[in-house]
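Heads up, the thing below is written out as structure tokens.
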Amino acid sequence: MTATTYPVDLQIERPETSSRMWALFNIIPLKFIALIVHSILLAVFSIAVGFIFFISQIVVLFTGKYPQGWHAFMVKVMRWNMQISVFMYGLRDDFPPFTPNDDLSPVSLTIPYPEQSSRAWAIMTIIPIKMLALLPQMIVFLFVMLAMAMVWFQSQIVVLFTGKFPAGMHGFVVGVMRWTTRINAFTYGLCDQYPPYGLS
């Protein structure tokens, strides 16, 4: 399976201009202060996510299906978290909403509901040994994240002086976030197809 046919996808439109002020607050760094309320709310939702994630794997083990409402909830929390991350990284300057929103949004996260879910992955999640399957990805991804951190910091300096997020840098950071999203979706059992290595 190639990355282009993988069902989980993330698209983030690059803005024509980016805020020098937010870039400065990223460099200092002070931007996280604007997201304190978001962080508190996400921490609360994370408790629900952990509970639903574990129970859903037991349901999948016995039924072969991920409860549709729970899947939708997990996707909404991931979408909300992604919108916050997009703002934090300066990929978009729109302040994230306090509810997950994908309607006409420049940040689009797609995780389709599967008609069937793998009992094998569910039992490996419960035991837990599923993370062993992701170990090679984690090793490679560690180096990718280090590269992204350097590219992202340089991009904020460029934005500070030019008011534009360079297209290549923007594409690279978005690609890393797309890869992260696919790993998370697989980890949570929202998608049973092993995530591809790559940014596209």
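Quick note: the coordinates plus some simple rules give every number you see, no bench work behind them. On a predicted model such as this, the values are computed, not experimentally measured, just so you know. Cβ coordinates were reconstructed from backbone atoms using ideal geometry, including for glycine residues, and neighbour counts include every protein chain displayed.
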For n ≥ 4 DSSP H runs only, could you compute -39500 (n - 2.57) per run for the chain, divide by its residues and tell me the 222 nm figure to the nearest 500? -20000 deg cm²/dmol
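Hey, got the dipole for the chain? About the Cα centre, +1 on K and R Cβ, -1 on D and E Cβ, debye to the nearest 20? Please list the in-between numbers first.
On the way: 12 positive and 9 negative charges, 59 e Å.
In debye, rounded to 20, the chain gives about 280.
Could you work out how much longer the chain between Leu42 and Met21 gets when fully extended? Use 0.36 nm per residue separation minus the Cα distance between them, nm to one decimal.
That works out to 5.0 nm of additional length.
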Is the shape of the range 71-186 rounded, prolate or oblate, going by the alpha carbon gyration tensor and its root eigenvalues a ≥ b ≥ c, with a/c under 1.5 for rounded and a/b larger than b/c for prolate? oblate
Which of the lysines could be linked to Lys130 by a straight reach, that is with a Cα gap under 21 Å, when you skip same-chain ones fewer than 8 residues away? Lys65
Classified through the alpha carbon gyration tensor (a ≥ b ≥ c as square roots of its eigenvalues; rounded if a/c is under 1.5, else prolate when a/b is larger than b/c, else oblate), the range 98-163 comes out oblate
Packing-based ranking, highest mean first, of 41-50, 79-88 given that Cβ atoms within 10 Å are counted: 79-88, 41-50
Show me, bin by bin at 5 Å from 0, the whole-percent P(r) of the chain based on Cα pairs. 1, 7, 15, 17, 19, 17, 11, 7, 3, 2, 0, 0
How much net charge surrounds Asp9 when only the other residues with a Cβ under 11 Å from the Cβ of Asp9 are counted, with Lys and Arg +1 and Asp and Glu -1? +2
What list of whole percents do you get for P(r) of the range 24-131, with Cα-Cα distances grouped in 5 Å bins up to the one holding the largest distance? 2, 11, 18, 18, 16, 13, 10, 7, 3, 1, 0
